[in-house]
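Taking it in order: structure first as structure tokens, then the write-up.
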Amino acid sequence: MLQEIFNSIQKSVKCPKCNATYSDKNINLLGQIGPNFLLKLDCPKCKSPLMVNVLIQENEKKNEISGIKMEEIEMPENMEEIFEAIERKDFQHIEKISQNNIIDFVNFVQNFSGSVGEFVKKF
């Protein structure tokens, strides 16, 4: 299934800054919740990151993918710095999470009813 998602991205998604296409090595799976996949795409030309939420629509009777819906997610300005720090395993520059942060986050998630793109913009 993941390869089908990558193939779909390669056919339909271009870098918004330089119009380059992506290959498998430029697509990174950040996470999955049910039929939702969160991907980070790194442009091979201009190195701009792009976040994409992919929703898989499965045909339950045939056990195959019947559709893929993609949504580009606008990233916060400092998101690239966060990704770079994570890749370097340099966590000292990332703000520590307090118990109050976790409580606030859980409350926000429980009351949120928008799309993944809107969710990411809130943070």
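Here are the numbers:
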{"item": "Options Asn53, Asn36: the member that is on the phi < 0 side of the Ramachandran plot, in contact with a Gly (Cβ under 7 Å, 6 or more places away or on another chain) and touching a residue at least 24 places away in the same chain (Cβ under 8 Å)", "result": "Asn53"}
{"item": "Of residues in the stretch 17-36 being under 24 Å from Glu81 (Cβ atoms) and touching a Leu at 6+ places or on another chain (Cβ under 7 Å), the one surrounded by the fewest Cβ atoms within 10 Å (Cβ to Cβ)", "result": "Gly31"}
{"item": "Residue count for the stretch 18-39, restricted to those that are touching a helix residue (DSSP H, G or I) at 6+ places or on another chain (Cβ under 8 Å), in a strand (DSSP E or B), under 18 Å from Met1 (Cβ atoms) and not aliphatic (A, V, I, L, M)", "result": "2"}
{"item": "Every pair of residues 6+ apart whose Cβ atoms lie under 7 Å, when the first sits in the stretch 89-116 and is within 25 Å of Asn53 (Cα to Cα) while the second is surrounded by 10 or more Cβ atoms within 10 Å (Cβ to Cβ) and at pLDDT 70 or above", "result": "Val116/Asn36; Val116/Asn53"}
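Conditions tested, residue by residue: (1) of a type in the set (S, T, N, Q); (2) modelled with pLDDT of 85 or more; (3) within 13 Å of the chain's Cα centre (by Cα).
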| residue | (1), (2), (3) |
| --- | --- |
| Ile9 | no, yes, yes |
| Cys15 | no, yes, no |
| Ser23 | yes, yes, no |
| Cys46 | no, yes, no |
| Leu50 | no, yes, yes |
| Asn53 | yes, no, yes |
| Asn59 | yes, no, no |
| Lys62 | no, no, no |
| Gly67 | no, no, no |
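The values are calculated or read from the model by the stated rules, or taken from the named source; none is laboratory data. Bear in mind that the values here come from a model prediction, so they are computed numbers and not experimental data. When we count neighbours, we look across all protein chains shown, and the Cβ atoms used for this are built from the backbone with ideal geometry, even at glycine.
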